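Before any comments, here is the structure.
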Amino acid sequence: REEENRKTKAGIRLAIYHDDWEDVLTARMKTLFCEENWVRLRLSRNTSQNILKKVVNEVSSLYKREPARKLLGPNGKEIVDHPIMASVADWTRVLQVVNRYANLLNDVGLVVRWDRDMERLVLDVLTPANTSVIQRDGFPNQAAAAYWEIVDKADTQFQAEQQRYIYYDDEQHFVFDGKGNRYDPSTDNSNPDLVNPYGIAPFAFVHRTMRPNMFWDPTDGNDLIESTLDAGIARTLKGHLYLRQSFKQPWLRGQLNKGITPQMVTDPATMLHCDEGGEFGVLDLQVDFASIDTAINANVDATLGTYGLSLGQFAATEDQSGVSLEIRNRGLREIREAQIPLFRQFEADLFKRMVAVWNAENPGRPVPEGSYIQVDYAEPEVYSDPDKRWNDAERKLLRGLISPTQFYQLFNPDADAETARKAIEENMAALAKLKDLGWSMSDMIAGAGAGAEV
């Protein structure tokens, strides 16, 4: 029961993150209101303020830009152009998802498999919502084995007759069903002994936090879940108030004649009739929506404050100085720096599994034993004063800390190294040609600033 409960809670986090949490909000609100009130409230359900998703995306910036990866041999020298480095499908893109899921779910893994049709390595994400582990004896934070659901037909109308699972440890590999029956995992029945052909379990996990004697951390971050749901409830109630109490409410003392029903039309062009002695009136209900928004934002800010964040960090305004922007984003920088050693170790562990799978599937071009990967994460883009940014980059260039190509990429991050190099050569050649013709770019700019024609 606890295993299913853990998976359910992880599934709720994933549902909220992927903006599929209307049912989650409904289940929570139905416990707070009687059925008669809920019938009206459900029409105003509001899941527009997804605090959880915003926070997770903001603090998961490690793979926003492509890191530089090098394959180093056992002697520490780079192995250039080995095909394994180009064979991994969507390497950085998958790790970007893992980075976000680690901050969302606390624990997440990747399993390496070989795509025989495309002849490449594929990385599949393992989450607490679909994966179970068997912990190592004496090392509960490590997985000796893992098994997860097969979901290759989940998006089609053709479902398996019964749920099946894939199992891996360092020695065994098989598929089993809900009754415990084990099957050969190969498509051609070539592995009847159910042996792991790679000699090592081809999965690796990263843990955002470390819980003593536990592999999974199912509770850290629950405050973000609760804050997101609370904001959804508050905004639902606000929407309900807007529909029900933003306009004047007619009332009647006495009885309606001529058979008009209580659900009367309140169109101003429709005349209302009542019996003699009856009385009409209007109730003018006023709601302070500004105060409601202030209260909602205050609650959200209180939650974000525990993460060193605030609502103000998620927006940049033109009237803020570079210094204030740097101070405001310091919290995000510290969060990012704390993640670097975790993911550097995770990539190193993952690469060992990738090498094992590659060498087993490509014996003609193996990766030398003892080889490892070196990862250099790109510096994050931060909001700063444009002049300070330029001066800092220029100082680094003049002192040899960055190359001219890297200098160009600081101001045009979409350009790859070759594009940047060519652009610099073309720009410098154009400036040199103008100089040979007697033109001075500085004089041109100064003249234009003084109102001269250029």
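The values are calculated or read from the model by the stated rules, or taken from the named source; none is laboratory data. What you are looking at is a predicted structure, and each value in this text was computed from that prediction instead of being measured. Positions of Cβ are backbone-derived with ideal geometry, glycine not excepted, and every protein chain shown enters the neighbour counts. SASA here: full protein model, heavy atoms, side chains in, ligands and nucleic acids out. Shrake-Rupley method; radii C 1.70, N 1.55, O 1.52, S 1.80 Å.
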Response to the item:
Subtracting the Cα-Cα distance of Asp188 and Asn412 from 0.36 nm times their residue separation yields 75.6 nm
Practice prompt. Provide the convex hull volume over Cα atoms per residue for region 47-173, in Å³.
Written response: 202 Å³
Worksheet entry | Label-point separation in nm, Lys422 to Asn5, each point 7 Å along Cα→Cβ | 6.1 nm
Worksheet item: Can you give the charge dipole size of region 1-103 about its Cα centre, rounded to the nearest 20 debye, using +1 on the beta carbon of Lys and Arg and -1 on the beta carbon of Asp and Glu?
Response: 260 debye
Worksheet entry | In order through region 195-211: 3J(HN,Hα) via Karplus (6.51 cos²θ - 1.76 cosθ + 1.60), integer Hz, x for Gly, Pro | 8, 6, x, 9, x, 8, 4, x, 10, 9, 10, 10, 10, 5, 10, 10, 9
Worksheet entry | DSSP-loop trypsin sites (Lys or Arg not before Pro) across region 166-209, with at most 15 other Cβ within 10 angstrom | Lys179
Item to complete: May I ask for the net charge around Met354, where only other residues with Cβ less than 12 Å from the Cβ of Met354 are counted and Lys, Arg are +1 while Asp, Glu are -1?
Response: +2
Discussion item. Using 0.36 nm times the number of residues separating Asp90 and Asp177, minus their current alpha carbon distance, what extension gain do you get?
Written reply: 28.3 nm
Worksheet item: So which trypsin sites (Lys or Arg not before Pro) in region 338-394 pass both tests, a DSSP loop state and at most 13 other Cβ atoms within 10 Å of the Cβ?
Response: none
Response to the item:
Computed for region 1-59: size of charge dipole around the Cα centre, +1 on C-beta of each Lys and Arg, -1 on C-beta of each Asp and Glu, debye to nearest 20, value 120 debye
Worksheet entry | Top positive-direction residue, dipole computed over region 1-113 with Cβ charges, set Asn37, Leu62, Val24 | Leu62
Discussion item. Quick check: at a probe of 1.4 Å, how many percent of the accessible area of region 1-67 sits on carbon and sulfur atoms?
Written reply: 45 percent
Worksheet, complete the sentence: Expressed in angstrom and rounded, the centroid-to-centroid distance over alpha carbons for region 1-80 and region 176-237 is 15 Å
Fill in: trypsin sites (Lys or Arg not before Pro) within region 1-54: DSSP coil, no more than 14 neighbouring Cβ in 10 Å
Arg1
Practice prompt. Between Ala298 and Lys77, with labels modelled 7 Å along Cα→Cβ, what's the label distance in nm to one decimal, could you check?
Written response: 6.7 nm
